[in-house]
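The values are calculated or read from the model by the stated rules, or taken from the named source; none is laboratory data. No experiment lies behind these values; they were computed from the predicted model shown. Every residue, glycine among them, receives a Cβ derived from its backbone with ideal geometry; neighbour counts consider all protein chains shown.
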Amino acid sequence: MPILLKHLPKHLHMKNIKLLTAIVAASFVLFIGCKKEKESTDSSSERLRSTNQAAVRTSRPTPAALEKFNKLKALLPANFQKKFQENAKLTLKQHPEYRTLIRQALKLEASACNNNTTLNQWLGGQLSDWNEDVIYYVLATGMLDLPAYDALIFENSSANQRFGVNGEYTQRLTKTFKDLQRFWNIQTQNIKMVAMHGSTLTDRTKLIRTYRAAFGLSTSDAEFYADFVLILLDVFPQYRGGNHPIFTFNAFAQPSFNFPPNGVIPDKIVMGDGILEAYTAIGFGDVAPQAILAHEMGHHIQFQINLFTDENSPEATRRTELMADAYAAYYLSHSRGASMQWKRVQQFLQVFFNIGDCSFNSDGHHGTPTQRMAAAEWGYRVANNAQKQGYILTAQQFTALFEAELPRLVTY
Ligand SMILES: [Zn+2]
């Protein structure tokens, strides 16, 4: 595990290893408890079930696909899921709150937050036809991580990227990315903005390279599991041929790191189709892509001016996350930035921050929804004052102001 991870900046390591290990371990422990929870389905889930019939696919696998599935399944080693647990040696600065949301939607984890938000309901609806087998195989094969790992390791150029399942966000994200590069005074030319698509799961070559690079599988094992994933997509229509938003429900920023034998991975922002689809579906398609991207660019400001400390604590994560929220709000509302109506941005952030964690002791604590909103409101006010002079603060100036404000923000 440390062979790869030592190449990653220190601040990303331990917490994420622990997090990943905890998640992987919990996946199986909690999966066992899943049956029980399923039985106690409450009336609100029933309602979602009936209102989301559109999400339910009725097509059935062909007999040939089923036969191949049973054949491959019989060849799986008894403890095959452990392979992904033990070999998951790559980790990344994945926003834990997205993963938490997914795990809650899969009923693998309880939430301290209000989990009856529009987003939770939407995601629940998308998963209403996921039975235990469907859930089991995504957890056991690492399918939830494959698109993210493939984008992280192998998508190394901003050229020819399309964003959204049908490329519907390509133009806007490309424009916002350029605008963010202009807006902030840091060196942003080397940052690549790349997409994360569920269609990765339909590409045998990509599956093999990712199983090898991220999970450390031998070529023959990687081929076996790649074929298994392809068959799973045929057998379970619930995966929507890889296009289910759960596979790409994430966005993250990653600083450059050396990853032999694949070489140096550049500074990167990865934007998942699933998270874009989700926010569009619940009515925030006009603001969510820009806001999510602005937050990720905030992390690159932090990488570049060295704002991450080695400290591994909820306080440390909360500081950098609230700061990224403030950078985003500053850019989004600034008259020389995205120049968006603050009311509209606020409406989105209200929903966005609600997927945050509400428990200070949780891994990768992001600040409570109230603290995150306070940080964003503060960023907006700074922009509003500065724009009288039409002035854009440097990242360093803005950060100094933020650090002075932080003790107040966390009292909320
Ligand atoms: Zn963040």
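As a summary of the residue check, residue 322 satisfies the conditions (1) within 11 Å of the ligand (Cβ to nearest atom); (2) surrounded by fewer than 19 Cβ atoms within 10 Å (Cβ to Cβ) except for the one numbered (2). Consider segment 284-310. How many of its residues are away from the ligand (no atom under 16 Å from the Cβ), touching a residue at least 60 places away in the same chain (Cβ under 8 Å) and of a type outside the set (A, V, I, L, M, F, W, C)? Final tally of qualifying residues: 1.
Yes/no matrix, rows are residues, columns are (1) more than 26 Å from residue 107 (Cβ to Cβ); (2) within 16 Å of the ligand (Cβ to nearest atom):
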position: 146; (1), (2): no, no
position: 149; (1), (2): no, no
position: 152; (1), (2): yes, yes
position: 161; (1), (2): yes, no
position: 186; (1), (2): yes, no
position: 214; (1), (2): yes, no
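Remark: residue 202 matches the filter, which requires a residue to be β-branched (Val, Ile, Thr), in contact with a Leu (Cβ under 8 Å, 6 or more places away or on another chain), closer than 23 Å to residue 135 by Cα and not assigned by TED's automatic domain parsing to the domain that holds residue 300. Against the test of being in the same structural domain as residue 267 (by TED's automatic domain parsing) and either surrounded by 24 or more Cβ atoms within 10 Å (Cβ to Cβ) or not in a loop (DSSP other than H, G, I, E, B) (or both), the options 157, 220 yield a single qualifying residue, 220. Could you list all residues from segment 203-217 that are part of a helix (DSSP H, G or I) and of a type in the set (A, V, I, L, M, F, W, C)? Scanning segment 203-217 gives 207, 208, 213, 214, 215. Of the listed requirements (1) surrounded by 23 or more Cβ atoms within 10 Å (Cβ to Cβ); (2) under 24 Å from residue 212 (Cβ atoms); (3) within 11 Å of the ligand (Cβ to nearest atom), residue 252 misses just one: (1). The combined condition, being small (Gly, Ala, Ser) and closer than 28 Å to residue 136 by Cα, is fulfilled by residue 218.
For segment 333-353, state whether one or more residues are under 21 Å from the mean Cα position of the chain (by Cα), within 12 Å of the ligand (Cβ to nearest atom) and either crowded, with 17+ Cβ neighbours inside 10 Å or on the phi > 0 side of the Ramachandran plot (or both). Yes, that holds for at least one residue.
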